[in-house]
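Undergrad: Here it is, the structure, as structure tokens.
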Amino acid sequence: MEVLKIATAGSVDDGKSTLIGRLLYDTKSLTDDKLEAIEKTSKQKGYDYLDFSLATDGLVAEREQGITIDVAHIYFSTASKSYIIADTPGHVEYTRNMVTGASTSQAAIILIDARKGVIEQTNRHFFINNLLRVKDVIVAINKMDLVDYSQEVFNNIKADFEKLMDKRDYQEQKITFIPVSALKGDNVVNRTENMTWYQGQTLLEHLEELDLQDIYNTGTPRFPVQYVVRPKTEEFHDFRGFTGKVYGGELNVGDEIVVLPSMTRSKIKNIYFYNEEYKTAPRRSSVTITLEDEVNVSRGDMLVKVGDLPTIDKQLTATVSWMDSSSLTTGGKYVVQHGINKVLAKVDTIEHKINPDYSGIEANATTLQMNDIAKVRLKLNRPIFYDSFKDHRTNGSFIIIDSRTNNTAGVGFIE
Amino acid sequence: MNTLTEEIQSPAVLSLGERPMANALEHEAIYIFREVAAQFERPVLLFSGGKDSITLVRLAQKAFWPAKIPFPLMHIDTGHNFPETIEFRDRLVEELGVELIVRNVQDSIDQGKVIEETGKYASRNMLQTTTLLDAIEEFKFDACIGGARRDEEKARAKERIFSVRDDFGQWDEKNQRPELFDMLNGEIEIGQNVRVFPISNWTELDVWSYIQKENIEIPSIYFAHKRNVFLRDGLIWSAEDEVVFRAEDETVEEKMVRFRTVGDMSCTAAVESYADTIDKVVAEIRDSKISERGARIDDKRSEAAMEKRKQQGYF
């Protein structure tokens with residue numbers, strides 16, 4: 001059994017929450033008490049149908065306004081897969097949540113209202129999922145019931161969307177179009193008689209068959225040291241364990257490694273997971289490593305294999321997505337958190353802003369506002385050890401922290 | 001020597017049909033624990049004696065082995081805990097060799113900081129918040145690790161892994177820090193603290209499957225046992241403890257029950273069950289048609305119950 005993390009994107013009223021509610025309902029994932037609450041509230045509101053959006057819209061403000069304002073996580077499973085859906089809002093002002101949701105997802109669902117077709121928001125949703133290199137995108141053309149289940153409407157929207165696809169940077173991204181009605185349940189989990197012209201899979205069928213062959217597995221292991229364990233007990237008097245999570249590939253006992261930034265070489269002596277020893281630490285495992293030699297290693301250092309060094313530099317260029325209400329300015333100073341490693345950074349130049357809807361770039365920008373995306377050059381107070389985002393999703397990204405507020409103000413994808 | 005790769009790809013309990021991520025979730029939680037130890041000066045693990053906090057303790061052991069867990073446990077005792085829970089807590093702490101801090105809701109009541117609820121639905125659950133916030137201030141804790149999960153409740157579904165609270169312990173749900181990839185931003189100002197939820201992405205079934213796989217001991221009230229109970233609002237209440245209010249017309253009967261959550265006795269209902277072993281409990285949870293918090297009267301008070309409590313500083 002596998003786990004799939006999916007981000008959803010759609011504009012206000014595209015029926016995103018309804019689609020998720022429908023997925024939960026038709027996979028029988030809603031428990032009786034939750035269903036009862038939905039029935040009760042739907043009735044109170046005078047609806048003659050079940051308002052599935054009530055299953056996910058969690059905050060009072062959201063229920064009052066009938067919109068989703070924050071990323072919510074929803075869990076359900078089928079016989080063959082477990083799913084975590086990051087339900088992200090579609091408003092312009094909440095783009096940051098969409099970037100956030102996409103950052104941990106392997107697949108994304110973009111919703112389009114069949115009556116409205118591809119709108120500016122759609123371009124943004126696609127742009128962001130492509131920027132974050134989400135491997136699979138499903139374009140769910142919703143509310144087909146309101147356009148008489150018309151094949152022509154579906155084909156026109158598909159053709160419009162395909163024009164966007166030529167412009168995308170990450171061309172290998174897989175894109176699938178599915179006509180659905182979340183409200184009526186057509187092609188979400190169950191097939192429908194209403195669109196006999198559509199021979200493809202339902203949304204769930206498609207998700208069930210997604211190949212999860214991992215885009216994070218690059219074959220170049222990176223081990224950022226999180227915390228040094230020194231028990232200083234009699235039994236483990238000289239034990240110095242370097243704890244961390246393995247990214248990009250696996251590490252093995254006996255591997256020749258280099259400690260960054262000191263460039264000291266050593267060999268992996270032991271790999272522990274809890275009180276057991278292993279010979280391999282696979283990708284994404286949280287292990288404790290000891291080395292053959294007494295080497296000075298502390299938090300923020302990185303172990304990599306000999307001959308497999310990342311870029312070690314005090315400057316970098318990245319595509320930055322700005323998420324804070326106070327703007328980023330040229331010359332501004334921030335904290336950059338790259339993985340677990342924190343350094344001071346200064347904005348050298350904003351090379352250009354990128355309109356996140358494929359309408360082009362804007363040169364001569366000196367500030368970035370919330371939701372802006374731009375190519376930015378940063379200078380750092382000491383070197384970090386990075387890969388490009390294209391090659392290494394984890395070691396190629398960083399967050400920007402505003403040290404006045406401590407807020408996570410932006411995220412960067414390294415060139 | 002073992003191969004950890006195989007370990008991760010083929011969880012031992014796969015045949016039971018539980019979420020296979022149990023292992024990936026475990027590695028994620030351990031990563032979070034290590035971030036807490038590295039980023040904060042005075043972390044504390046909030047321990048209720050329930051299955052979620054017991055799971056946290058096991059994960060913390062794994063994160064720091066062969067060293068001891070590098071922070072204390074703290075129990076906010078409502079005084080209405082199941083006696084089995086307290087007994088269990090004290091035994092566990094002794095085995096771990098870690099410090100246990102206990103702060104009592106009764107003290108907050110005696111100091112006049114909170115007023116005891118009265119009536120049919122009286123509970124000390126809400127009162128815990130004041131005691132918790134006072135304890136955080138007393139010990140200057142900057143990170144409080146808790147066992148909340150996003151699948152528990154709608155407001156919790158929006159909770160971050162590192163969730164910043166202001167000087168008043170309050171949760172500003174509309175102004176949460178985005179959490180991208182694995183990166184956890186624990187930067188705070190003096191007076192603020194971070195609530196940390198290492199098992200955010202676990203479901204109830206994940207927790208039970210983990211307890212089963214790891215063979216973790218849990219308090220006996222989680223397993224089916226005979227108990228004198230009475231029915232109210234379709235829920236089963238323990239009649240063996242005087243802190244649970246019972247009206248005269250509410251008649252007592254003996255039933256086979258177990259508890260699915262172990263909160264304050266006054267707001268935790270039992271469920272009818274014959275699941276007296278961990279294997280049976282896991283099977284029962286898997287087939288359950290009622291959500292876990294369906295037996296918590298504190299969530300039924302209103303649709304927005306949890307969100308309101310969280311804004312006030314509740315866990």
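The values are calculated or read from the model by the stated rules, or taken from the named source; none is laboratory data. Because the structure is a prediction, the values reported are computed rather than measured. All Cβ positions, even for glycine, are placed from backbone atoms using ideal geometry, and neighbour counts span all protein chains on display.
Undergrad: Does any residue of segment A:341-361 turn out to be at pLDDT below 95, over 23 Å from A:Val99 (Cα atoms), assigned to a loop (DSSP other than H, G, I, E, B) and of a type outside the set (D, E, K, R)?
TA: Checking segment A:341-361: not a single residue is at pLDDT below 95, over 23 Å from A:Val99 (Cα atoms), assigned to a loop (DSSP other than H, G, I, E, B) and of a type outside the set (D, E, K, R).
Undergrad: Right, here's the next one. Restricting to segment B:137-158, what's the tally of residues that are touching a residue at least 60 places away in the same chain (Cβ under 8 Å) and within 22 Å of B:Glu35 (Cβ to Cβ)? First the steps, then the outcome.
TA: Restricting attention to segment B:137-158, the residues satisfying the condition of being touching a residue at least 60 places away in the same chain (Cβ under 8 Å) are B:139-149, B:152-156.
Those still in the list that are within 22 Å of B:Glu35 (Cβ to Cβ) too: B:139-149, B:156.
Matching residues across segment B:137-158 total 12.
Undergrad: Counting just the residues of segment A:2-33 that are within 14 Å of chain B (Cβ to nearest Cβ) and part of a helix (DSSP H, G or I), which one comes out surrounded by the fewest Cβ atoms within 10 Å (Cβ to Cβ)?
TA: Only one residue fits best here, namely A:Asp32.
Undergrad: Scanning for something modelled with pLDDT of 80 or more and not in a strand (DSSP E or B), does segment A:49-65 turn up at least one residue? Write out each step before concluding.
TA: Let us first name the residues in segment A:49-65 that are modelled with pLDDT of 80 or more, namely none.
Scanning segment A:49-65, I find no residue that is modelled with pLDDT of 80 or more and not in a strand (DSSP E or B), so the answer is no.
Undergrad: Taking strands (runs of 3 or more DSSP E) that do not extend beyond segment A:77-144, which have at least 1 residues that are of a type outside the set (Asp, Glu) and away from chain B (no Cβ under 14 Å)?
TA: Values: elements: A:81-87, A:107-113, A:136-142.
Per the criteria, A:107-113, A:136-142.
Undergrad: Let me confirm something: among A:Pro383, A:Pro356, which residue is over 30 Å from A:Leu260 (Cα atoms), outside the structural domain of A:Leu251 (by TED's automatic domain parsing), in contact (Cβ under 8 Å) with a residue 40 or more places away in the chain and not polar (S, T, N, Q)?
TA: Numbers: A:Pro383 fails: over 30 Å from A:Leu260 (Cα atoms).
After applying the criteria, what remains is A:Pro356.
Undergrad: Here is a list of conditions, (1) in contact with a strand residue (DSSP E or B) (Cβ under 9 Å, 6 or more places away or on another chain); (2) outside the structural domain of A:Lys269 (by TED's automatic domain parsing), and A:Pro231 meets all of them except one; can you say which number that is?
TA: All conditions are met except number (2).
Undergrad: Which one of the conditions (1) in a helix (DSSP H, G or I); (2) at pLDDT 95 or above does B:Ser108 fail to meet, given that it meets all the rest?
TA: Condition (2) is where B:Ser108 drops out.
Undergrad: Do we have any residue at all in segment B:151-158 that's assigned by TED's automatic domain parsing to the domain that holds B:Ala24, under 24 Å from A:His338 (Cα atoms) and either more than 22 Å from the chain's Cα centre (by Cα) or basic (Lys, Arg) (or both)?
TA: As a first pass, look at segment B:151-158 and keep what is assigned by TED's automatic domain parsing to the domain that holds B:Ala24: B:151-158.
Those left that are additionally under 24 Å from A:His338 (Cα atoms): none.
No, there is no match, as no residue in segment B:151-158 is assigned by TED's automatic domain parsing to the domain that holds B:Ala24, under 24 Å from A:His338 (Cα atoms) and either more than 22 Å from the chain's Cα centre (by Cα) or basic (Lys, Arg) (or both).
Undergrad: Another one. For residues in segment A:103-135 being within 20 Å of A:Ser82 (Cβ to Cβ) and of a type in the set (Val, Ile, Thr), which is surrounded by the fewest Cβ atoms within 10 Å (Cβ to Cβ)?
TA: Restricting to residues being within 20 Å of A:Ser82 (Cβ to Cβ) and of a type in the set (Val, Ile, Thr), the top hit is A:Thr104.
Undergrad: Does A:Ala281 satisfy being over 15 Å from A:Gly396 (Cβ atoms) and in contact with a strand residue (DSSP E or B) (Cβ under 6 Å, 6 or more places away or on another chain)?
TA: In short, yes.
Undergrad: Checking the condition assigned to a strand (DSSP E or B) and in contact (Cβ under 8 Å) with a residue 40 or more places away in the chain, which residue from A:Arg393, A:Arg377 passes?
TA: Residue meeting the stated conditions: A:Arg377.
Undergrad: Can we say B:Lys62 is free of Cβ contacts under 8 Å to residues at least 40 places away in the same chain, charged (D, E, K, R), in the same structural domain as B:Ser200 (by TED's automatic domain parsing) and under 19 Å from B:Glu26 (Cα atoms)? Don't jump to the end; show me each part of the working.
TA: Details: free of Cβ contacts under 8 Å to residues at least 40 places away in the same chain: yes; charged (D, E, K, R): yes; in the same structural domain as B:Ser200 (by TED's automatic domain parsing): yes; under 19 Å from B:Glu26 (Cα atoms): yes.
Answer is yes for this residue.
Undergrad: Restricting the first residue to segment A:13-33 and requiring it to be assigned by TED's automatic domain parsing to the domain that holds A:Gly185, which pairs with a second residue that is in a helix (DSSP H, G or I) and of a type in the set (S, T, N, Q) meet a Cβ separation below 7 Å and a spacing of at least six or different chains?
TA: Listed pairs, sorted by first residue: A:Ser17/A:Ser53; A:Thr18/A:Ser53; A:Gly21/A:Ser53.
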